[in-house]
Each structure stands twice: as C-alpha cells, then as structure tokens.
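Colleague: Please read through the structure below; I'll follow up with questions.
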C-alpha cells in the first residue's frame, strides 16, 4: 500500500520536475517579454539530442552536455534576435504564432541535422534501482529532482540577489518603467530567452536517461509545460515549479489509482477545476485591470 | 478594400495551382507511388520504409529497370495525418498518374486511402499492421506486414507451451497498440488465456511505473504482454526491470522489431520474447532456411547504405516493392488491372517477412509460421528453439 | 448604409466568382480536393474568427467541436441508424450544447488562462474520442457513410467542391452580416474593452457565450463536411495540433477579417502541398514562412495587404 503510493509519488515527481523546468522557462520569457514561447519544448529536445550526438561523435559526456547547453542558448538568442525582436509591438497572438512557427522550424531542422530515431543517454550514476521503503527508484530520478532544485535555487538567487536579476524582475513588473530607469530591456529579453533555453536544455539532459529523446519530443512537453505554468499562475516562478510537480503527480496518481487510459483527462480536468476556482492560477498575481 | 483582398485570394490560389502542376509522364518510365509517415509519431516505421524504397528503386533502375522501363518513385510524407494521406493518394492517382502504390505506414492512413485506390482501380500494397486492411478482402488492396492478430496468436501459442494462462496487458493508446490489444482480447479465449490486468499508456509518455505497479500487484499474473511501437515499449521494458518484475515473463510485439529497441532498453531487454520476422535473426538461421539469402542480403544492403540497424518495417517495404515488381514482370504490362491480377497470383515469394502465397481470399499470403518467436539474449536476437 | 451593404455584397460576390471560376484552372480532381479542403478549413476558421477576431477571446481547443461534428455523422448512421443529414444537424446541436454548457464557466477566464482552459477542453474531447473505441473506432478512426440528400448520393471531388464552396458562401454571408448586427457590435465592444462594454450595459458574459456557441457550430458543420467528403474520420481531426492549425489560419489571415480567414486557410492548406517538392525540408520551410509572414504582416495577410494597397492608392 505504502510502497505503491511511494512508487506513484516518485514517478510523478520525476516527470513533474521536467514539466516544472519547462514551465519555468515559459515563465522567465513571459516575464521579460510578455511572449508565450511555444518553442520552449524544443530547447529540451535540443538538450537531449545534441548531447546524444556530441557524445556519439566521441566527446565525453560532461563536455557533450555543456555543448548542448551552449547550443540551446545560441538558438534561444537567435530566436529572440530574428523572430521576436523584429516583431516587437505586434499583438500577443501574432507573437504566439511566431513561436509556433519557430517550433515547427526547429523540429524540421532537428529532423535533418539529427535523425528521426529514438536515442538514450546513459544514466549518470548507473541503472540499479534504489529501494525507498518498498518503491523502486531509478538513481537518475534523484539527479532530476536534485538538478531541478539546483536550477530553481540558482534562478532565485539570480533574480533576487544580483543586479541583472533585479533588472529582469523590473522589466517583468513594468517594461516602460524599467526602460525609464535605464534598463536595456532588449538585452534583458535576450537574456531571458538564453536563460530559458539553458533551463530547457538542462532539463533535457537530466531526463533523457529516463525518458529517451527524439526530434519531436518538444511538442507534448511544451503543451504540458504551458499547462503547468498556467496551473501555477503565469508569471510566477514558484507557481511554475509547483504547477509542474503537481501536473506530474496528477498524471501518476491518475494512472495509478483511477484509470491509466484517462490519466491525461484527469490531469486536465483538475486544471480546469482549479482555474474555475482560481482564475489566475494557484499563485498567479491578481491582475488588476486598469480602466 | 475587401474586393481587392478577395481578388488577391484569386491570384494567390491560382498561382499555387499552377505551381503544383507536374510535367507529363516521360517516355520509358513507369511511376510508382508511395505515401509514408516519414515524419510524425510513426516516423520510427516510416523512415526505414522510405529509405528502403529509395535504395531498391535505385538498384532496380541501375540494372535496367522493370521490363525495360525505369521506375520513377513518387514519395509523399503524410506526417502521420490520415487526412493528408488521403489528399496525397488523390494526388498520386490524378496528378502523378501512378500505376501502383506501396505505402500507407499506419492503419489510419491506409484506411483513409483505400477508397481512393479502390475507386481508381489501382493496386495498393499497404505497409500497415492491422488485420482490417485485408479483412474484408478488397479487390485492389494487399499488405505485406503480418497482422496484429497473428502477433497475438503467436504470443499466446508460446504462452500456452509454457503453461501460462493468466496474463497482464499494457498497451500503447496509438493505433497499432490499441488495435493489437483489441485483437488479443478477442483471440485470448480460444487459447485459454485470461487477461487479469489491462493497462495503457500514451505513446509519448515518459514513465509507465504507475501502470506496471498495478499489474505487479494484481494477483496471479503469470506473464505480461506489451502491444505498442516506438519509444513506449522501450520505456516500459526499462520500468519493468526497475520494478524488479523480470521474473515474470515479458512479451513485446513486432512493433519493436529493430535493434534500436535493444539499444534503448539496454540490459532490461534480456529475456524479453517477441514474435518477429526472420529478418532480425538472419545470421542465426540455418543454412537451408529458405529466407536466409533474402534477409542477409537485405540487411547488408540497408545497413551499409544507411548506417542504421535494419528493421522489419523497412523489410515490409522491401517485400511490397518486390512483390509489385515481380507482378509487373509477370504481367509484362503497366496496366494497373493486369498488375493487380498478377499480385494476387503471387506464390512462393520469398520475402523478409516470410514466404508469401496470395489468393483471391488472402491478400496477405503469410501464415503463422512466417513469424518466428525470438528471445533477447546477450543483447541480441535469438531464435527460441521449439519446445523451450 | 447602402454603401456598407454594397461592401458586404461585393465581397460575397467576388468570393462566389472565385469559387465559380477556379475550376477552370484545375487540371485534375486532385485540385478540386485541395480546394474543398481549403473551403472546409476556411469555414471552421471563419467561426473561430468570430470568437477570436470579433469577440476577442481565444480558443486553443476548437478542433474539439470540429471532431464532434465529424464523429456525429460517423457514429449516427453507423451505430444508431440515424440518416446522415440528421446526424449532421445533431452534431451541430451537440457542439452548440457543449459550447453552451462549458462556455459559461470557461469564458470567465481571460487571456492565457482561457487558452489553457480551452486547450484542456480540446484534449479531453480528443481523449474520449480516442479511447471509446467501441463507438469511435479508436485511434485508427472509422469509416463514414456517404451523405445522401433526397436520394442523391453526394460523393466525388467535383461534387464536394461545389457543396463545400456553397457552405463557405453561406458561412461568409452570415459572418459578414453579423458584424453589422447588434450582436456584432456587442462583440466589437467587448473586444475593445470588456469593462467599458459592461459600463455601457452590454451583457458581456452572454455575448461571449454567443460567440463561443456560434464558433462551435461553424466548426461542427465543417467537421461533418470533411467526414462526409473523406468517407473516413480519425481522432487527429479533434486533436491539439489541428486546433493550433486553426488558430494559425485565423491569425495568419488576419484577426477580425472574414476574408482573411479564407486566405489563411488557402495558404496553410496549399502550402504543405506545394512544399512537398522540397522533401525533407518541408517543415523547416513551413516554419520559416510562418515566422517571416507574421513578422512582415503582423496584423495578418489581408489587413496588412489592404492597408498597403490603401496607402499606395492614396499617395
């Protein structure tokens, strides 16, 4: 009974951690630029795929991972420079469509640059499952959860305790005011894209040993990450993380206790109910509409 | 203002129409069409099929073509979308004027395209798995892969030999997984099988420990069957080992029939059994096995050209292409009706999937012996000796 | 007033002329099929445009209603023995009912939250369709009995071109006229500023719901048409990717412009067909074209092109 519960709990948290990182990426970009970036999932894909191909080309795993993160950051910056910046001032919907176009583009490039097969990465500390009170946990799960915690902590420290981080928060609060006090909002937005890409890539590297990767894993992840970000309250990093973990748990418990066929339905139903009760998400800022 | 815009619609649309027109049929070539899911959720199946067709059409053309004519291969990618497949089917018939088609990676896209080919009276050799493609038999539709019903029967046959009767099932909710699950449920009673656990997972899910935990905790489970394809079964297999369930015999389907499954599942794949075509164990077949030559040659050609492990999906495309080419040679004509008649008369064709003997009531031509029961040992496929 | 009437009439007349004249350019029935697909997508897009462009809401799950309409005409005749045309109407009623029931709570949400809620709705509907295979044939879909009206069997690419073209004309006429009715004005009011609209006495909740229901019915009819036309339906038509495609059509064509939705559909349906010559670069190019189009025509193709023409005309 307990072992079963723990099994569902840990598998839910592991998957949820990935959603949390994707949601965090969404939030970072949204806060800095107001754009909902549907290409977010592709950064996760890049993290996994580039690492796989770099290490297949002979590089040691840590170096391959580093290359993957740099590649993702580069793509994030390019995305901002060539797709988002030129469309500055366009309506929110237009920007969303641009990011959708970008995700199609990235997937098309990945299909050609890599291949359409599935790939895996070796687990960081081996495959032998660890016994936690009767539940069998892959060691990689600990890496995923730990890695997520480190990223969240690092982000928190960055946002709250560095000048650049405070500039990001200022841009999020009120872009015009931030510019008035001398913050270069364009640089901040580029930073947000780069940072988001890095977070996504890290998520991809951490989780590929468990979930495998291929050129089109990005779409479903973007969908779930977006849902998680909304559940937690768009624009709130803490909300994004909790939303992600919660979504993972809902899926795992739904599959375990209710029905495996309808687990996705269960998760989305809960999201709908939460939104009906709290229209700004769990931790969303209460938007006051100025007339 | 709106009128001008609407005029623009006219111009844009007509420009596109003109851009879509193709040149007329060149002399001395014959067009064969193919609609495959090279991208999208079934690209695991579609890509090897696409590569195989291209490699072998080139080979055939290099050695003179078929009955003196070169083959022009027209391939469209439906991306796993049945609606798009339907449009491409119409395009192949109306625009490209193909004389036959080898394609239809998934059952969904095949079923959507069947009406087009039946109406145009052009033979269609499908590469999809479900039994409904050829049951009921349609005049112009054939298929090369073993049916999902056959896979269930082969698995149950093996289970019966090992005296297991209570099984748990965990299936992917994609077309292949769902239809094979439905077939297994139908066929189970006639082999004395009782399905005591029935779980499912989304084809893109990344963790199936919850579902497997439920199966593990079901009393009396003696074996587990996993209908599905792509990365899902690899993850299920890994989770299976993670939860320490490897003492319960585990069966995969032919949807994982490629070395990449073993690579992805890793050590967890040891001891897993599955029904598959002889193509996977070509090097382990005895010398007098009738399929040995064909599968060894195909594997060699495919792996050296693509640097990727061979898979039975590409093998089915090989079979489809050569059944068609042989029929064209026998008919000595490019008339679709005559080619269809010859396809139906295929007898003793040695393919990668088995020995094909078609008839007016059997447009697949394979029986249960075309499937071999394999077991993964030492990171490689092994034939299960009969009696074990 | 007469001037306005003329403008709507001219638009409709030009559309009718286009539909009538286009076949002269078609060398084979393949083109009729592609054009029919454009008309069907355009019909669904016009409905979504009423919701997104006129009433200013957002729906990322609109393919759900498309799917309901499509499966209604599949399940009705096959499993329940209902005649196809009746199934068509029932599908529309079901879509309207679902939109009405779910619309009330969902439309209280705004912006991205509304997007996610509609997305969730779409996912739920698609999931039910995929899972209940006894009724729906599961992920592989099911065949659809052909439509027969008063004994005449509607089938074939040529026939469907005219049927879908006709449906599109009717749908366009309604949408164009809607703009000039009190309902349309209410939509525009709540699009511009919900608070202001409320202050002036517009029952915001009721009109949002109306827009949602109207859009659902459009999508349902389009879905039924596609199902009849193909003789086959599968759950992808109700899926998330199709919803995204519909939103892209509306935005690409021009939010708020009825003609824009038709142009957007024409582009997004024919472009993948035209790009097949690029083989594996197809998706790359599609994504690139979408990005570039939206950067340079940020209000959508039709509004951007028309303001460009207007500026040229003036100068």
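The values are calculated or read from the model by the stated rules, or taken from the named source; none is laboratory data. These numbers come from a predicted model, not from an experiment. Please note: Cβ atoms are built from the backbone with ideal geometry, for glycine as well, and neighbour counts cover all protein chains shown.
Colleague: Could you check segment C:117-157 and list, in sequence order, the residues that are buried (at least 20 other Cβ atoms within 10 Å of the Cβ) and in a loop (DSSP other than H, G, I, E, B)?
Modeller: Within segment C:117-157, C:137, C:141, C:144 meet the criteria.
Colleague: In contact with a strand residue (DSSP E or B) (Cβ under 6 Å, 6 or more places away or on another chain), crowded, with 22+ Cβ neighbours inside 10 Å and part of a loop (DSSP other than H, G, I, E, B) - does that describe any residue in segment B:314-323?
Modeller: no
Colleague: Same structure, new question: Within segment C:201-212, can one find any residue that is in a helix (DSSP H, G or I), surrounded by fewer than 23 Cβ atoms within 10 Å (Cβ to Cβ) and within 14 Å of chain A (Cβ to nearest Cβ)?
Modeller: Taking every residue of segment C:201-212 in turn, at least one turns out to be in a helix (DSSP H, G or I), surrounded by fewer than 23 Cβ atoms within 10 Å (Cβ to Cβ) and within 14 Å of chain A (Cβ to nearest Cβ).
Colleague: Counting only residues that are closer than 14 Å to residue B:208 by Cα, under 19 Å from the mean Cα position of the chain (by Cα) and facing another protein chain (nearest Cβ under 8 Å), which one in segment B:219-274 is surrounded by the most Cβ atoms within 10 Å (Cβ to Cβ)?
Modeller: Among residues in segment B:219-274 that are closer than 14 Å to residue B:208 by Cα, under 19 Å from the mean Cα position of the chain (by Cα) and facing another protein chain (nearest Cβ under 8 Å), the one surrounded by the most Cβ atoms within 10 Å (Cβ to Cβ) is B:231.
Residue-by-condition table, conditions (1) outside any loop (DSSP other than H, G, I, E, B); (2) on the phi > 0 side of the Ramachandran plot; (3) in contact (Cβ under 8 Å) with a residue 24 or more places away in the chain; (4) surrounded by 15 or more Cβ atoms within 10 Å (Cβ to Cβ):
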position: B:334; (1), (2), (3), (4): no, no, yes, yes
position: B:342; (1), (2), (3), (4): yes, no, no, yes
position: B:346; (1), (2), (3), (4): no, no, no, yes
position: B:353; (1), (2), (3), (4): no, no, yes, yes
position: B:364; (1), (2), (3), (4): no, no, yes, yes
position: B:369; (1), (2), (3), (4): yes, no, no, no
position: B:374; (1), (2), (3), (4): yes, no, yes, yes
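Colleague: Return yes when residue A:142 is within 14 Å of chain B (Cβ to nearest Cβ), without any contact (Cβ under 8 Å) to a residue 60 or more places away in the chain and part of a helix (DSSP H, G or I) and no when it is not.
Modeller: yes
Colleague: Further, regarding this structure: For residue B:202, work out the one condition from (1) within 14 Å of chain A (Cβ to nearest Cβ); (2) closer than 22 Å to residue B:256 by Cα; (3) crowded, with 24+ Cβ neighbours inside 10 Å it doesn't fulfil.
Modeller: Single failed check for residue B:202: (3).
Okay, residues lined up against (1) under 17 Å from the mean Cα position of the chain (by Cα); (2) in a helix (DSSP H, G or I):
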| position | (1), (2) |
| --- | --- |
| A:20 | yes, yes |
| A:28 | yes, yes |
| A:32 | yes, yes |
| A:35 | yes, no |
| A:46 | yes, yes |
| A:58 | no, no |
| A:73 | yes, yes |
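Colleague: Further question: With respect to residue A:31, is the statement that it is buried (at least 20 other Cβ atoms within 10 Å of the Cβ), modelled with pLDDT of 90 or more and within 28 Å of residue A:251 (Cα to Cα) true?
Modeller: No: the conditions fail for residue A:31.
Colleague: Now a separate question. What residue, of C:48, C:60, is modelled with pLDDT of 90 or more, more than 8 Å from chain B (Cβ to nearest Cβ) and outside any helix (DSSP H, G or I)? I'd like the intermediate steps shown before the answer.
Modeller: Details: C:48 fails: outside any helix (DSSP H, G or I).
Within the list C:48, C:60, the selection yields C:60.
Colleague: Here is a further query. On the given criteria, is residue A:87 within 7 Å of another protein chain (Cβ to nearest Cβ) and at pLDDT 90 or above?
Modeller: Against the criterion (within 7 Å of another protein chain (Cβ to nearest Cβ) and at pLDDT 90 or above), residue A:87 does not qualify.
Colleague: Something else now. Quick one: residue C:127 ticks every box in (1) under 30 Å from residue A:260 (Cα atoms); (2) within 11 Å of chain B (Cβ to nearest Cβ); (3) modelled with pLDDT under 90 except a single one, so which number is it?
Modeller: Of everything listed in (1) under 30 Å from residue A:260 (Cα atoms); (2) within 11 Å of chain B (Cβ to nearest Cβ); (3) modelled with pLDDT under 90, residue C:127 misses just condition (3).
Colleague: Which residues, taken from segment C:18-41, are at the interface with chain B (Cβ under 8 Å from one of its Cβ atoms), loosely packed, with under 14 Cβ neighbours inside 10 Å and modelled with pLDDT of 90 or more? Don't jump to the end; show me each part of the working.
Modeller: Going residue by residue through segment C:18-41, those that are at the interface with chain B (Cβ under 8 Å from one of its Cβ atoms) are C:18, C:21-22, C:25-31, C:33-35, C:37-38.
Now narrow it down to the ones that are loosely packed, with under 14 Cβ neighbours inside 10 Å: C:21, C:27.
Answer for segment C:18-41, where residues must be at the interface with chain B (Cβ under 8 Å from one of its Cβ atoms), loosely packed, with under 14 Cβ neighbours inside 10 Å and modelled with pLDDT of 90 or more: just C:21.
Colleague: All but one of (1) under 27 Å from residue C:39 (Cα atoms); (2) at pLDDT below 90 hold for residue C:202; which doesn't?
Modeller: (1)
Colleague: Within segment A:104-133, can you find the residues that are more than 7 Å from every other protein chain (Cβ to nearest Cβ), buried (at least 22 other Cβ atoms within 10 Å of the Cβ) and more than 26 Å from residue B:237 (Cα to Cα)?
Modeller: A:106, A:110
Colleague: Somewhere in segment B:94-105, is a residue at the interface with another protein chain (Cβ under 8 Å from one of its Cβ atoms) and either at pLDDT below 90 or closer than 23 Å to residue C:279 by Cα (or both)?
Modeller: yes
Colleague: Filter segment C:186-199 for residues that are at pLDDT below 85 and within 21 Å of the chain's Cα centre (by Cα); which is nearest to residue C:105 (Cα to Cα)?
Modeller: Step by step, filter segment C:186-199, then rank; the result is C:191.
Colleague: Okay, next question. When residues of segment C:84-106 are filtered for being touching a residue at least 40 places away in the same chain (Cβ under 8 Å) and farther than 16 Å from residue C:64 by Cα, how many remain?
Modeller: Final tally of qualifying residues: 4.
Colleague: Could I ask something else about it? Of the residues A:210, A:258, only one is at pLDDT below 90, within 11 Å of chain B (Cβ to nearest Cβ) and surrounded by fewer than 21 Cβ atoms within 10 Å (Cβ to Cβ); which? Show your work before the answer.
Modeller: Numbers: A:210 fails: surrounded by fewer than 21 Cβ atoms within 10 Å (Cβ to Cβ).
Testing whether each residue is at pLDDT below 90, within 11 Å of chain B (Cβ to nearest Cβ) and surrounded by fewer than 21 Cβ atoms within 10 Å (Cβ to Cβ) leaves just A:258.
Colleague: Just to verify a result, which residue in segment A:229-253, among those that are within 10 Å of another protein chain (Cβ to nearest Cβ) and under 24 Å from residue C:112 (Cβ atoms), is nearest to the chain's Cα centre (by Cα)?
Modeller: Looking at the filtered set, the residue picked out is A:229.
Colleague: Please determine whether any residue of segment B:305-328 is touching a residue at least 40 places away in the same chain (Cβ under 8 Å) and over 22 Å from the mean Cα position of the chain (by Cα).
Modeller: Yes; the residues of segment B:305-328 include at least one that is touching a residue at least 40 places away in the same chain (Cβ under 8 Å) and over 22 Å from the mean Cα position of the chain (by Cα).
Colleague: Considering each residue of segment B:1-57, count those that are assigned to a strand (DSSP E or B) and either surrounded by fewer than 24 Cβ atoms within 10 Å (Cβ to Cβ) or at pLDDT below 55 (or both), and give that number. Walk me through it before giving the result.
Modeller: Residues of segment B:1-57 that are assigned to a strand (DSSP E or B), as a first pass: B:29-36.
Filter once more, so that each one left must be either surrounded by fewer than 24 Cβ atoms within 10 Å (Cβ to Cβ) or at pLDDT below 55 (or both): B:29-31.
Total satisfying the criteria: 3.
Colleague: Oh, and also: Please find, among C:55, C:72, the residue that is on the phi < 0 side of the Ramachandran plot and either at pLDDT 90 or above or within 12 Å of the chain's Cα centre (by Cα) (or both).
Modeller: One residue alone meets the criteria, C:72.
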